[in-house]
Amino acid sequence: RSFMSPSHFQRLFKKTTGVTFMQYLQNIRIQRCCELLKSTQIPIQEAANQVGYQDMKFFHYLFRKKTGVTPQQYRHSKQENKAVNV
């Protein structure tokens with residue numbers, strides 16, 4: 001049975017991917033939330049909860065940091081693009 005300490009895992013993960021595990025997880029969660037905002041009409045808070053964020057203030061901060069816009073702005077811009085593309 002082999003065991004890897006959390007710190008060793010984190011070092012190997014960053015060396016392999018170029019980002020920390022937490023950054024990777026945040027990127028995956030925000031990408032999934034973007035998909036939900038584009039393809040569903042569920043409330044933003046529910047989308048955030050589905051991808052693992054309970055703290056809406058932190059979620060909004062992180063979403064804006066990663067995408068450059070708020071979740072509401074993101075949804076609105078994607079809905080406009082759908083209407084134009086139809």
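Along the charge dipole of the chain, Cβ charges K/R +1 and D/E -1, which of Phe3, Tyr24, Cys34 sits furthest on the positive end?
Phe3
Mind checking the angle between helix 71-85 and the chain's longest principal axis? C-alpha axes, 0 to 90 degrees, to the nearest 10.
For helix 71-85, the angle is close to 60 degrees.
Could you look at the range 25-76 and say what percent of its accessible area is carbon and sulfur, using a 1.4 Å probe and all protein chains?
Roughly 50 percent of what the probe reaches on the range 25-76 is carbon or sulfur.
Check the straight Cα-Cα distances from Lys15 and name the lysines below 30 Å, setting aside those fewer than 8 residues away within the same chain.
Lys65, Lys66
Excluding ligands, DNA and RNA, what is the solvent-accessible area per residue of the chain at a probe of 1.4 Å, expressed in Å²?
75 Å²
Rounded to the nearest 0.05, what FRET efficiency do Glu35 and Ser2 have when you use their Cβ-Cβ distance and R0 = 41 Å?
0.70
Plugging the Kirkwood radius over Cα pairs into Stokes-Einstein for the chain, at a temperature of 20 °C and a viscosity of 1.002 mPa s, what D comes out in µm²/s?
148 µm²/s
For the range 8-23, take each phi angle, set θ = phi - 60°, evaluate the Karplus expression 6.51 cos²θ - 1.76 cosθ + 1.60, and give the result in whole Hz per residue in order, putting x for glycine and proline.
Once rounded to whole Hz, the list reads 5, 4, 4, 5, 5, 4, 5, 4, 6, 9, x, 9, 6, 4, 5, 4.
The values are calculated or read from the model by the stated rules, or taken from the named source; none is laboratory data. Everything numeric here is computed off the predicted structure, so don't read it as measured data. A quick note on method: Cβ atoms are made from the backbone with ideal geometry, for glycine too, and the neighbour counts reach across all protein chains shown. These accessible areas exclude ligands, DNA and RNA; they are computed on the full protein's heavy atoms, side chains included. Shrake-Rupley method; radii C 1.70, N 1.55, O 1.52, S 1.80 Å.
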